[in-house]
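Asker: The structure under discussion is supplied below as structure tokens; questions concerning it will follow.
Derivation of every value follows stated rules applied to the coordinates shown; laboratory data play no part. This structure is a prediction, so every number in the text was calculated from the model and none was measured. Don't worry about glycine lacking a Cβ; one is built from the backbone with ideal geometry, like all the others, and counts go over all protein chains shown.
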Amino acid sequence: MRRKAQLLTGLPLLRIYWYDGTDGPPTPKHIALAYQPDVKLRLGLVNRQGAQKGVDPLVVTDLINLSRNRAMASAVLLTGDEDIRVGVQQAQEYGVRVHLVGIAASSGGEGNQAALLRQEADTVCDISLEDVKGFMACRPAPQSVAAVAQVPGPVMSAPPVGAVPASPLVAEVPPEQLAAIVDASLAQMTDDLIQQVAVAGRYSIPAHLDGLLLATATKGRSNSATCFLRPATSARRRPDERCRSRV
């Protein structure tokens, strides 16, 4: 970019402004970049959807301030976002020439720069793909099929045909332990609660009883146990699928 700026403007470099987003503190790469000579790091935010927020206003603000203070005569922008267009217009009103730089498209089109932004700039040029390869590489695309980690533990059993699947990644509780959990739960239930279970039907357990079963099952296992007593969805399950756990 230093060489490109000097070729386009014929002027000495004031400094390079580097804009990026982060979802937390600056990364080690950001910090290393901030220590580079003649480089000013500007950081916006990255939201939960992975989109940058607040980065474009930083670019526009710097363009306007540097132009108004007559700190520059020409600006070289490596961007393609149309939101920067208002900053370009303001800088030009202060007499600053704006040179827009993009990365050449492999298909030979106009690349990924907004058409209105290209129209607004004083000059437009592209960096060739060969030049880009000198300092940038493509990250391999992630595999489309997710790998499943093999966790030591009981063997998973497939549900019978037509049955509603239970919560994922759970194994059957041994019959003797399941019986102990049921007996302990029944011992804590009043006749009214037992009647509620009977009225609710064969395939459901009242929601307020799930906590009782969960607490009873957890006491009977180690602290590292995870019990799944409620399905991931509201679908009903068979009685033998109501109480499943995984260590």
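Asker: Can you quote the Å³ per residue value for the convex hull of the Cα atoms in segment 1-120, rounded to an integer? Can you show the working numbers first?
Answerer: Values: hull volume 15.4 nm³, N = 120.
Per-residue hull volume (Cα only) is 128 Å³.
Asker: Within a Cβ distance under 12 Å of S67, other residues only, what is the Lys/Arg minus Asp/Glu net charge? The partial results should precede the final answer.
Answerer: Working: positive: R68, R70, R97; negative: D62, E93.
Residues near S67 contribute +1 overall.
Asker: If you don't mind, another one. Quick one: 3J(HN,Hα) in Hz for segment 96-101, Karplus 6.51/-1.76/1.60 with θ = phi - 60°, rounded, Gly and Pro as x.
Answerer: After applying 6.51 cos²θ - 1.76 cosθ + 1.60, I find 8, 8, 10, 10, 9, 10 Hz.
Asker: On to the next question. Hey, what D do you get for segment 1-71 in µm²/s if you plug the Kirkwood alpha-carbon radius into Stokes-Einstein at 25 °C and 0.890 mPa s? Could the numbers behind the result be given before it?
Answerer: Numbers: Rh = 13.7 Å.
Rounded, D is 180 µm²/s.
Asker: Now, a different point. What distance in nm separates the simple spin-label points at N47 and N69, each placed 7 Å from Cα in the Cβ direction?
Answerer: 3.1
Asker: Assuming 0.36 nm per residue, please report the length gained on full extension of the stretch H30 to W18 beyond their Cα-Cα distance.
Answerer: Working: separation 12, 0.36 × 12 = 4.32 nm, distance 0.96 nm.
Length gained between H30 and W18: 3.4 nm.
Asker: Once fully extended, how much extra length lies between S128 and A179, figured as 0.36 nm per residue of separation less the alpha-carbon to alpha-carbon distance? Walk me through the numbers on the way to the answer.
Answerer: Working: separation 51, 0.36 × 51 = 18.36 nm, distance 7.13 nm.
Value of the extension gain: 11.2 nm.
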